[in-house]
Structures are given as C-alpha cells and as structure tokens.
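The values are calculated or read from the model by the stated rules, or taken from the named source; none is laboratory data. As the structure is a computational prediction, the values presented were derived from the model and not from experiment. Heads up, the Cβs are rebuilt from the backbone with ideal geometry, glycines too, and the neighbour counts pull from every protein chain shown. We work out accessible area using only protein heavy atoms, side chains counted, and drop any ligands, DNA or RNA first. Shrake-Rupley method; radii C 1.70, N 1.55, O 1.52, S 1.80 Å.
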Amino acid sequence: MKSLAAVLFTTLICTTGYAATRTTTLSVPDMTCTACPITVKKVLSRMPGVTDVSVNSEKRQVTVVFDDTKTTIAALTQATADAGYPSTPETAGAK
C-alpha cells in the first residue's frame with residue numbers, strides 16, 4: 001500500500017508541472033481608434049491560458065495575465081499581429 005501511495009504521489013508531481021501565472025504588458029502603438037481596444041482584448045482573451053486582459057487606450061498598452069504552461073509572450077504578440085495590431089512586450093514577470 002505504501003508503494004502504491006508513493007507511485008501516485010510521484011505521478012501527481014511529475015504531471016502537474018510548474019505552472020506560473022505571469023503578467024505582461026504589451027505596447028500596441030497601432031491601437032488608435034475606439035474599436036481597436038475591443039478587438040485586441042477579444043483576440044487575447046481567446047488565447048489558451050489567458051485569465052485577464054486589461055486595455056489602457058490612452059497609453060496604447062494591454063496588460064495580460066496568463067498561465068505560462070499554456071501560452072507564451074511570443075504567442076500573445078503573434079496573436080495581436082495576426083489581428084492587425086503588432087505589439088511588443090514592455091514588461092514580463094511572475095505573479
């Protein structure tokens with residue numbers, strides 16, 4: 001029985017991984033009209049692992065909270081570029 005518990009514990013630890021919630025701020029200079037922030041937010045919100053998207057239209061920035069085991073900053077910037085709004089990361093960090 002102890003052996004079974006050890007195997008289950010080891011399996012759980014190995015398959016769980018080391019997910020971290022990260023936050024990044026993207027600069028989106030082409031976000032100039034009133035529809036732009038809506039489009040950018042919608043595109044990023046649909047990305048796997050994204051849990052929150054906040055848009056600051058005045059600064060032309062988007063802050064994204066995401067699970068780093070499900071998406072990457074490169075994938076986020078690619079998604080905005082594919083939607084017609086190229087972006088670059090300003091900050092990135094663990095939350």
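Taking segment 23-51 as the range and being over 15 Å from Thr80 (Cα atoms), modelled with pLDDT of 95 or more and open to solvent by 50 Å² or more (accessible area, probe 1.4 Å) as the test, only Thr51 passes. Within segment 47-69, the set of residues being part of a loop (DSSP other than H, G, I, E, B) and charged (D, E, K, R) comprises Glu58, Lys59, Arg60, Asp68.
Name the single residue, out of those in segment 52-69 being of a type in the set (S, T, N, Q) and more than 13 Å from Ser87 (Cα to Cα), that is most open to solvent (accessible area, probe 1.4 Å). Filtering first and then ranking leaves Thr69. Just so you know, in segment 70-95 the residues that are at pLDDT 95 or above and assigned to a loop (DSSP other than H, G, I, E, B) include one that is surrounded by the most Cβ atoms within 10 Å (Cβ to Cβ), and it is Ser87.
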